[in-house]
1. What do you reckon, is residue 135 touching a Ser or Thr at 6+ places or on another chain (Cβ under 6 Å) and over 16 Å from residue 7 (Cβ atoms)?
2. Among (1) part of a strand (DSSP E or B); (2) away from the ligand (no atom under 11 Å from the Cβ); (3) in contact with a Leu (Cβ under 9 Å, 6 or more places away or on another chain), where does residue 113 come up short?
3. For the stretch 106-115, state whether one or more residues are at pLDDT below 95, open to solvent by less than 10 Å² (accessible area, probe 1.4 Å) and under 23 Å from residue 34 (Cα atoms).
4. Among all residue pairs at least 6 apart or on different chains, which show Cβ distances below 6 Å where the first residue, located in the stretch 3-30, is over 10 Å from residue 83 (Cβ atoms) and the second is open to solvent by less than 30 Å² (accessible area, probe 1.4 Å) and among the acidic types (Asp, Glu)?
5. Among the residues of the stretch 125-178, which ones are within 14 Å of the ligand (Cβ to nearest atom) and at positive phi?
6. Could you list, in sequence order, all residues of the stretch 147-165 that are open to solvent by 40 Å² or more (accessible area, probe 1.4 Å) and not hydrophobic (A, V, I, L, M, F, W, C)?
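The values are calculated or read from the model by the stated rules, or taken from the named source; none is laboratory data. Predicted model, so just to flag it, every value in this text is computed and none were measured. Counting neighbours? That spans all protein chains shown, and the Cβs are built from the backbone with ideal geometry, glycine included. The protein model used for the area step is the full one, side chains on, heavy atoms only, and it has no ligands, DNA or RNA in it. Shrake-Rupley method; radii C 1.70, N 1.55, O 1.52, S 1.80 Å.
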Amino acid sequence: MLNVIIFGKPGSGKGTQAAMIKDKYGLIHISTGDVFRKNTSEGTELGNLAKQYMSKGELVPDKITIAMLESEIKSFMPCNGFILDGFPRTILQAESLDKLLVNLNLKIDLVIALDVPNKNLINRLLERGKTSGRADDQSKEKINKRLEEYDNKTKPLIIFYENQKKFYSIDGVGSLTDINIRLVDIIDSKCND
Ligand code: AMP
């Protein structure tokens with residue numbers, strides 16, 4: 001079993017790389033953003049609630065997000081492992097995840113961050129916004145709000161996972177293949193420890 005968190009700022013390429021890693025290692029890819037968007041498009045209660053925050057570039061409250069993630073993880077058990085993309089994004093989410101995994105006799109093996117400078121991120125997100133249809137990719141203001149949420153609430157997770165000796169960071173600028181090779185190198189070196 002291999003459980004990996006793919007970490008990084010909005011637009012750092014987490015979703016794209018998670019999809020590539022998922023196939024290589026036979027993992028279940030859980031993107032909390034994708035689950036929220038699916039619910040939003042289906043007009044579920046969860047989706048309507050999440051939309052109020054997502055459309056402004058704010059994080060969805062922890063209570064809602066943690067409950068959703070727990071039910072996603074449980075729904076895929078048993079499996080070879082998970083790649084979590086976009087979760088956790090707060091210390092409370094990370095602590096809740098650790099508790100959930102202990103109860104399931106599982107643990108996070110690795111947290112790998114994709115490091116991309118803000119100026120590249122803003123351009124990437126505005127470019128993606130032309131085709132993604134995502135309200136939160138459409139304006140610099142919303143993108144800046146998402147980056148601010150990252151700095152205030154998500155960045156402290158770096159120290160949280162460094163303390164657990166699980167945190168790695170790779171250069172997230174370059175071709176998809178090059179970035180993927182950097183990720184795979186870390187996963188393989190840790191798996192063979
Ligand atoms: P993403 O697709 O990962 O960029 O997420 C899009 C949006 O979904 C975020 O800006 C948040 O509004 C919401 N979201 C996704 N994951 C989380 C999370 N772990 N905690 C809170 N909000 C989240």
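1. Yes: the conditions hold for residue 135.
2. So residue 113 meets the others, but not (3).
3. no
4. Filtered contacts from the stretch 3-30: 15/85.
5. Within the stretch 125-178, 133 is the sole residue that qualifies.
6. Within the stretch 147-165, 148, 151, 152, 153, 155, 156, 162, 163, 164, 165 qualify.
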